[in-house]
Amino acid sequence: MKIAPSILSANFNHLYDDVKDLKKLGCDYLHVDVMDGHFVPNISFGTLAYENLKGKVDMIFDVHLMITNPLYYAPIFIKKGADILTFHLEVDQDKEKIIKVIKDSGAKVGISIKPRTDVEKIVPYLGKIDLVLVMSVEPGFGGQKFMENSLSKIKFLDEYRKKHSLNYLIEVDGGINEKTAKLCKDKGCDIVVCGTYVFKAKDRKKAIEAILNL
Ligand code: DX5
Ligand code: ZN
């Protein structure tokens, strides 16, 4: 199991040092939650949150766009260092176009689905993307409780990729701790996003190891 710590829960006063430590502790991905106050009822940050870390930490920059206009913003977020750019299936824009813009800009493509979105709606895109981000909380805020209905979605996505010889990654986001991470792993999840669990842990090393060793 891979871990993607979400800097939404980080203290930006010492972000660089914290992120360097996370890499040393075995985290390969860095999850960046971008919120525009329209797609979700919260505003977080834009490219400034990560562009100065790029090139200084050897991690995969996993940028999660919770915004209504990914078609316009995708190239900007990629230029500033996103390695994987994930947009939401629920946006009211041409998904094929967004996928193309992300690929043409040189990043891997992810699509995320909210807890109330039927997993089968993502099927038409599964052959064209690199990652599916299953939301296990309503997007917008860290620190919420894991929703168990995400588990059947993970299982479906894992079975589907095996059946169709696809190799998109399955990432789960929201309410992750060592218990919920285990539930996700058992269904076929590859990466868990951890905000509160990692950044607010008393012992970060122990918290990360518990998940890496699942
Ligand atoms: C929620 C974000 C998550 C969030 C997870 O909208 O997409 O990535 O930071 O936070 P925790 O791990 O605290 O649930
Ligand atoms: Zn996220």
Worksheet item: Of the residues in region 1-10, how many are in a strand (DSSP E or B) and touching a helix residue (DSSP H, G or I) at 6+ places or on another chain (Cβ under 7 Å)?
Response: 2
Response to the item:
The condition from (1) in contact with a Lys or Arg (Cβ under 7 Å, 6 or more places away or on another chain); (2) under 15 Å from residue 4 (Cβ atoms); (3) of a type in the set (Lys, Arg) that residue 187 misses is numbered (2)
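Any chance region 2-25 includes a residue that's closer than 28 Å to residue 210 by Cβ, within 12 Å of the chain's Cα centre (by Cα) and of a type in the set (Lys, Arg)?
For region 2-25, residues closer than 28 Å to residue 210 by Cβ, within 12 Å of the chain's Cα centre (by Cα) and of a type in the set (Lys, Arg): present.
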Discussion item. Can you say whether residue 18 is surrounded by 15 or more Cβ atoms within 10 Å (Cβ to Cβ) and either within 16 Å of ligand 2 (Cβ to nearest atom) or among the hydroxyl-bearing types (Ser, Thr, Tyr) (or both), as far as the supplied structure shows?
Written reply: no
Worksheet item: From the list 173, 130, which one is near ligand 1 (Cβ under 8 Å from one of its atoms), closer than 26 Å to residue 39 by Cα and among the acidic types (Asp, Glu)?
Response: 173
Fill in: Which numbered condition residue 61 misses (of (1) free of Cβ contacts under 8 Å to residues at least 60 places away in the same chain; (2) away from ligand 1 (no atom under 15 Å from the Cβ))
(2)
Practice prompt. May I ask you to list the residues in region 167-190 that are in contact with a Leu (Cβ under 6 Å, 6 or more places away or on another chain) and closer than 22 Å to residue 121 by Cα?
Written response: 168, 169, 170, 171, 173, 187, 190
Worksheet item: Can you name the residue in region 21-43 that is buried (at least 16 other Cβ atoms within 10 Å of the Cβ) and in contact with a Leu (Cβ under 6 Å, 6 or more places away or on another chain) and, of all such residues, is nearest to residue 191 (Cα to Cα)?
Response: 33
Practice prompt. Could you tell me which of the residues 126, 85 is hydrophobic (A, V, I, L, M, F, W, C) and surrounded by 18 or more Cβ atoms within 10 Å (Cβ to Cβ)?
Written response: 85
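Values quoted throughout were computed directly from the atomic coordinates according to the rules given, and no laboratory measurement underlies them. None of these values were measured; they are calculated from a predicted model. Cβ: placed from backbone, ideal geometry, glycine included. Neighbour counts: every protein chain shown.
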